[in-house]
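What follows is calculated from the coordinates using simple rules that are stated; it is not laboratory data. This one's a predicted model, so the numbers in the text were calculated from it and none came from an experiment. When we count neighbours, we look across all protein chains shown, and the Cβ atoms used for this are built from the backbone with ideal geometry, even at glycine.
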Amino acid sequence: MCPNCGHGMGIAVAFLFIAGNLYMPGIPRDKAFDATFALRRDPYGFIAKRCERLHSDVFETRIMLRRTICMTGHDAARVFYDSERFTRRGAAPLRVQETLMGVGGVQSLEGATHRRRKELLLSLVSPARIEELRRIADAQWTTFANRWTKQDNVVLYDEMRHLLLLAACEWAGVPLAEDAVATRARDITSLFEHAPTLGPLRSRLGARERMEAWIMECVLALRADRMTASRGGALFEIAWYRDFRGVLLAPRVAAVEILNVLRPIVAVSVYIALAATALARYPEWRARISSGSGESLEAFVQEVRRFYPFFPTVVARVRQDFEWNGYRFRRGRRAILDLHGTNRDARIFDDPSAFRPERFLRATPGPFELIPQGGGDPVLDHRCAGEPITVELMKDALRYLVLRIDYDVPPQNLAVDETKVPAVPRSRFIMHSVTMREAGTPTSPVVPQAVKADLSPVVHKRRAR
């Protein structure tokens with residue numbers, strides 16, 4: 001080795017680097033050549049089952065012929081939301097961008113641009129604004145419940161989509177004609193139903209185009225003084241939002257962001273149907289909620305969000321080469337984080353396959369443990385800005401279902417269809433003989449028929465008061 005130029009040292013360092021890479025274990029691989037259809041058949045269990053089989057929190061496979069890293073667990077979530085290691089730019093398949101998220105929305109941004117746009121959306125979900133949405137939604141609940149008393153059967157999931165769309169539009173300042181509610185609800189639902197799967201793309205693209213055209217017209221009308229909207233509402237604030245250059249958003253991008261406010265609110269209909277299913281299957285919690293315990297209500301909502309499937313995964317790309325857990329991640333490689341599997345991880349939650357709301361009476365999960373709507377910090381990371389809205393709307397729905405109306409649950413199939421994204425009860429939760437409860441009337445006990453399997457139909461009847 002030459003002591004002056006150090007050439008020998010350079011050669012030695014290079015040799016050690018190469019040797020380290022040669023002996024670094026590769027990421028475990030799924031044996032299938034391409035796993036696209038396996039993912040489609042089992043969107044919620046695909047990653048967790050293979051991680052268990054491979055004894056690893058990470059493995060590599062091909063999705064739509066593209067090499068993809070799949071990850072699960074608390075530690076994986078933490079590294080996945082490290083913006084120095086992963087980026088969302090160009091990560092989601094185009095079909096998902098074009099239907100679920102829209103092109104140009106906050107989910108596709110990074111760095112300072114993402115933070116500034118995220119600040120706008122977070123300003124729309126301040127505590128005061130959430131209280132306003134709850135007030136509007138409560139009035140809609142009363143209107144809908146009075147209508148239900150005149151119907152034999154009510155399909156809760158379908159009704160919730162209409163109710164929440166009406167509430168969201170009024171809250172956001174978006175005009176919605178009464179005769180357009182059914183059509184708009186169908187279109188906005190199609191944006192999130194089956195979006196991450198290989199479902200009916202053409203119909204979802206058509207729905208996306210119709211919804212964006214509707215909202216763009218509102219944005220253009222507002223900017224041209226052909227209509228008015230209240231300050232603080234999503235329509236006004238996004239229509240007049242300016243970027244770092246002081247430039248208004250393009251009308252279509254503004255429409256995308258307004259839909260990114262409306263769509264998640266309507267999607268809470270999924271959680272409300274699942275919460276009603278949980279009430280039917282675990283009626284002892286009806287009594288605890290009716291006792292007025294806010295802690296019990298909060299715990300029940302969080303366990304519904306943990307236990308039941310919502311969106312299965314989120315996607316990113318490796319920003320730069322790095323090593324984690326002894327594995328090397330290559331720049332540009334697509335990665336998928338398992339949300340549902342992390343929520344069911346036995347290393348995080350005791351007895352994760354059991355529905356036990358009391359677990360949330362004892363401890364508050366960390367930002368990378370309970371992640372049904374993403375992990376990390378909602379300000380800095382890509383965690384859903386509307387998560388507090390989801391929780392509050394679920395609480396209010398449960399208060400209505402437990403304290404303000406009575407209903408029977410006729411025999412039906414309440415199994416949650418985990419081949420669909422997002423998953424809902426197969427019956428979409430049917431209520432029969434809805435009646436409004438008079439103020440001060442105690443809640444009616446519910447006597448459930450024993451449910452021995454997920455596929456068993458259940459029937460709940462109210463006792464006569």
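Some values worked out for this structure:
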| item | result |
| --- | --- |
| Full-stretch length increase - R426, K31 - with 0.36 nm per residue and alpha-carbon distance subtracted | 138.9 nm |
| Part-to-part distance (alpha-carbon centres) for region 129-176 and region 305-350, which is given in Å | 35 Å |
| Amide H within-cut-off set for R29, under 5 Å, with H built and near neighbours excluded | E60 |
| Space enclosed by the convex hull of the alpha-carbon atoms of region 272-345, per residue, Å³ | 117 Å³ |
| Sorted largest first, extent of region 24-462 alpha carbons per principal axis (Å) | 67, 59, 39 |
| Estimated vicinal HN-Hα couplings, Hz - region 187-192 in sequence order (Karplus 6.51, -1.76, 1.60; Gly, Pro = x) | 5, 6, 5, 5, 5, 10 |
| Reachable aspartates and glutamates from K31, criterion Cα separation under 20 angstrom, eight or more residues apart if same chain | D42, E52, D57, E60, D338 |
| Rounded FRET efficiency, nearest 0.05, which uses the C-beta distance separating Q151 from V247 and R0 of 41 Å | 0.25 |
| Entries in K150/K420; K118/K395; K395/K420 that, when Cα-Cα distance is taken, lie over 27 Å | K150/K420 |
| Debye-sum result for region 205-310 in log10 I(q)/I(0), which assumes one identical scatterer on each alpha carbon, at q = 0.11, 0.20, 0.22, 0.23 Å⁻¹ | -0.56, -0.93, -1.06, -1.14 |
| By average C-beta atoms within 10 angstrom, highest first, the peptides 332-342, 150-160 | 332-342, 150-160 |
